[in-house]
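Take a look at the structure set out below.
The values are calculated or read from the model by the stated rules, or taken from the named source; none is laboratory data. Note that this is a predicted model, so its numbers are computed, not measured. Please note: Cβ atoms are built from the backbone with ideal geometry, for glycine as well, and neighbour counts cover all protein chains shown. These accessible areas exclude ligands, DNA and RNA; they are computed on the full protein's heavy atoms, side chains included. Shrake-Rupley method; radii C 1.70, N 1.55, O 1.52, S 1.80 Å.
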Amino acid sequence: MQEKASVSSGPRWYATGLDHIWLPYSQMKTAPAPLPVARTEGTRIHLTDGRELVDGIASWWTACHGYNHLHIRDAVQRQLEVMPHVMFGGLVHEQPLTLARRLSEMLPGDLDRVFFTDSGSVSVEVAMKMAIQYRLNLGDKKRDTFVCFRGGYHGDTLGTMAVSDETGMHKAFAGVLHRHLMADLPKDDESEAALSALLERNAARLAGIIVEPLVQGAGGMRFHDPSVLTRLRRVADRFDLLLILDEIFTGFGRTGTMFACEAAGIVPDIVTLSKALTGGTLPLAATVARRKVFDAFWSDDPMAALMHGPTYMANALACAAANASLDLFEDGERLRQVARIEQWLTAGLAPCGDLPGVTDVRIRGAIGVVELVRIDDLGALRRAFVERGAFIRPIGNVIYLTPALTIGEEDVAFLTRVIGEVVRDARHA
Ligand code: PMP
């Protein structure tokens, strides 16, 4: 009843459109009515009823410079006048070529061939296709299995679900998907040996290893040390396997360095990027390959080409937004701010560690996590945040903050205080 009331009291587009929309990750019958947004600015979401929320999530970690950053908006507006989009088959243009060069210069080692797509999941699909075809092009027999990790998440399309944790949100698809090899992250010598043994037994059918570096995001904001990446690079080299790092969440400063792989000093063979690539303004993703991967596709044989080409590939507006977003990283201030945010999150969330029902408080870069034994009523918790003026969306039993990298100390203090209050009031045992 209450939800119907809020639907009819919203703007006309809300009341007339809601019955025609299918929302993400939602049981449409029981999901609480979504909040109608009028506009965004900086770290604020303004609702149509005049309420203002401090955003703790930055729109699934994309809006790294805050919403409506003028530099990005100007770049997109300029590009809109010139050319919003032109197909990328047989034609190229300035923004994606400039962006590809800049990403190649920023990424470590010889990661210098960029394939643009329009979403994170598709960039992972492309990485997987590259890895499978890499082997075929080298004259190997078909290898179509990836090693992936418990707690991992790489997207919602069929191929990416298959390399995500099979016990997670996609478990209904378990029997439908191609089986990959699920392993534990090599956190110590013993688990590295177990991983090596798994690789040894299956070497002939393996196309590569895929992992989210330093933080397994959507699977529960679980952190691991850079040494895990060093170990992965070592075993991948030992078994001559491609190492794919999915930096869709971690890329562009989130963990404290521009890319998470820098913390371990390793160079993956393929890396996927999206989310903060356009500063949260337009959909864009990139799959970036090392020279040896690209070289395997360099041939007189048309069948050795990478057969992929999304319609909106390398969209000019999205690439203009991404170039403008990269400008904003150039003076190093964003990364310095991440270091400050890390301190503020640490100070602000520390008291949560003493609350009943809290099993862990952890912070890395601009990611703050409060893990609970369980969350009985996720809807009630989300409402409690909104009632206090914060937009925070827990996943599973994890409450997390991934704010804009431009957020100020006061807003971080507000968000962490709200989390403390809500957790205390919810009395999760
Ligand atoms: N990989 C990772 C690590 C992600 O966090 C996500 C999105 N949460 C994806 C892949 C999928 O990206 P998209 O939602 O843009 O398809």
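Inspection of segment 121-133 identifies at least one residue that is closer than 21 Å to GLY253 by Cβ and assigned by TED's automatic domain parsing to the domain that holds GLU200. Of all residues in segment 174-194, those satisfying the criterion of being under 20 Å from ALA127 (Cβ atoms) and either surrounded by 13 or more Cβ atoms within 10 Å (Cβ to Cβ) or touching a Lys or Arg at 6+ places or on another chain (Cβ under 9 Å) (or both) are LEU177, HIS180, LEU181, MET182, ALA183, LEU185.
Residue count for segment 103-117 under the criterion of being open to solvent by 90 Å² or more (accessible area, probe 1.4 Å) and part of a loop (DSSP other than H, G, I, E, B): the result is 0.
Only one entry of GLU387, GLU371 meets the criterion of being open to solvent by less than 50 Å² (accessible area, probe 1.4 Å) and of a type in the set (Asp, Glu), and that entry is GLU371.
Cβ separations smaller than 9 Å between residues 6+ apart or across chains give the following pairs from segment 159-173 residues that are touching a residue at least 40 places away in the same chain (Cβ under 8 Å) and assigned by TED's automatic domain parsing to the domain that holds SER121 to residues that are open to solvent by less than 10 Å² (accessible area, probe 1.4 Å) and in a helix (DSSP H, G or I): VAL163/VAL124. Kindly list the number of the only condition in (1) in a helix (DSSP H, G or I); (2) touching a Phe, Trp or Tyr at 6+ places or on another chain (Cβ under 8 Å); (3) open to solvent by less than 10 Å² (accessible area, probe 1.4 Å) that fails for ALA236. For ALA236, the failing item is (2). For THR230, the conditions (1) open to solvent by 30 Å² or more (accessible area, probe 1.4 Å); (2) in contact with an Asp or Glu (Cβ under 6 Å, 6 or more places away or on another chain) are fulfilled apart from (2).
When SER191 is tested against (1) in contact (Cβ under 8 Å) with a residue 60 or more places away in the chain; (2) within 21 Å of LEU241 (Cβ to Cβ), only condition (1) is not met. At least 1 residues being away from the ligand (no atom under 16 Å from the Cβ) and at pLDDT 95 or above is the threshold, and among the helices (runs of 4 or more DSSP H) wholly inside segment 1-102 those reaching it are 12-17, 70-82.
So that you can scan it fast, the table gives a plain yes or no per residue for (1) crowded, with 20+ Cβ neighbours inside 10 Å; (2) outside any strand (DSSP E or B); (3) at pLDDT below 95:
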| position | (1), (2), (3) |
| --- | --- |
| ILE266 | yes, yes, no |
| VAL271 | yes, no, no |
| THR281 | yes, yes, no |
| ALA286 | yes, no, no |
| VAL293 | yes, yes, no |
| TRP298 | no, yes, no |
| THR311 | no, yes, no |
| ALA314 | yes, yes, no |
| ALA320 | yes, yes, no |
